[in-house]
1. Working with all protein chains in place, sort GLU209, GLU258 by solvent-accessible area computed with a 1.4 Å probe, largest first.
2. Could you state the orientation-averaged shadow area of the convex hull built on the Cα atoms of the range 116-174, in nm² to one decimal?
3. Describe numerically, in nm with one decimal, the distance between label points set 7 Å from Cα along Cα→Cβ at LEU113 and at MET159.
4. Taking all pairs of different Cα atoms in the range 95-237, averaging 1/r and flipping that mean, what Kirkwood radius in angstroms comes out?
5. Using all C-alpha to C-alpha distances in the range 69-116, build P(r) with 10 Å bins and read off the rounded percent in each one.
6. At 1.4 Å probe size, put ASP253, ASP125, ASP37 in order of accessible surface, largest to smallest.
7. Quick one: which residues, 5 or more positions from THR84 or on another chain, have an amide H under 5 Å from its amide H? H modelled 1.01 Å from N in the peptide plane, none for Pro or chain starts.
8. Quick one: 3J(HN,Hα) in Hz for the range 211-216, Karplus 6.51/-1.76/1.60 with θ = phi - 60°, rounded, Gly and Pro as x.
Amino acid sequence: MGHMKKARGNNCGKYYLPHQAVIREGSLTTKLRVVFDASAKTTNGSDIEKMYRQIKVAESDQDYQRILWREAKEGPKGEYKLQTVTYGTASAPFLATRTLQEIAKSCEPYNYLLSNIIKNDFYMDDLMTGADSINECKVIQFEISKQLQKYGFHLRKWMSNNSEIIATIPTNSENEVIKIAEDETVKTLGIQWDPAKDMFGFNMNLSTEKLVTKRQALSDLARIFNPMGWLSPMTVLAKLFIQKLWLMKLNWDELLDENLAKEWQEFMQHMRQKKRTRQLYMLKLDQL
């Protein structure tokens, strides 16, 4: 696919990227992903993957993206240089997002709605958007696919809370429609979405530790991943509790007194809703 090419000459790269395979059994599409460690120090100190791979890197910079590769365990090593933006480099998220902004800008004169969706409704390689009618959604799906395809960005996964929209998307090598089973959800930004029921949820692995310290309480709070702020009415109570512990100047591993420990345990119990530790909280769309 043109992601890398054989490098001319060995031992003349400016940087070599360590890389390894990561297997994600829970992934709907890419089960195996190659991850590069571009933060590894040299001797002188000096979903998205496909999205990044569509963005070319200047040829003069490609020698900073060399890797060692061999087809078989005992085979000869060869040097290759990666020609596109690489996952694991600090600049990759910016370059990908900046490229999307340029694509949005290019279609703004003739389709402002499409431009606005590309500009504002992407979180890295995930598009989360909608419309007020089924027909509008169908048009958006078609037009945005067509626009991004011009630049080599292929939207390969489609999910909707309406089966009619999914049914109109052709399933071929160009489009991949993900069929979500009744007990499956899609997760982005810590939020789980069940398209079949059109419900949002949060899956939190909360602690059941009975001995409470300031360190334990802060650790429990950190387990609640809430970047969108949907759980703020609950997490603000926990943050106020942590603030109280801080003002009391308690040591990190000092056991809380009975009243404080009880207050924290009641909060955690409320978060679990008296069910199993790993609990899925669901909110209907009309409750938001």
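The values are calculated or read from the model by the stated rules, or taken from the named source; none is laboratory data. Just so it is clear, the model here is predicted, and its values are computed rather than measured. Reconstructed Cβ throughout: ideal geometry from the backbone, glycine too, with neighbour counts over all protein chains shown. With ligands, DNA and RNA removed, areas are computed over all heavy atoms of the protein, side chains included. Shrake-Rupley method; radii C 1.70, N 1.55, O 1.52, S 1.80 Å.
1. In descending accessible area the options line up as GLU258, GLU209.
2. If I average the Cα hull's projected area over directions, I get 4.2 nm².
3. Here the modelled spin labels are 2.5 nm apart.
4. Radius from the Kirkwood sum: 17.8 Å.
5. Over the range 69-116, the share of Cα pairs per 10 Å bin runs 22, 25, 24, 15, 11, 3 percent.
6. Result of the area sort, largest leading: ASP253, ASP37, ASP125.
7. Residues meeting the criterion, in which the H sits 1.01 Å from N, are VAL57.
8. Values, residue by residue: 8, 9, 10, 4, 4, 5 Hz.
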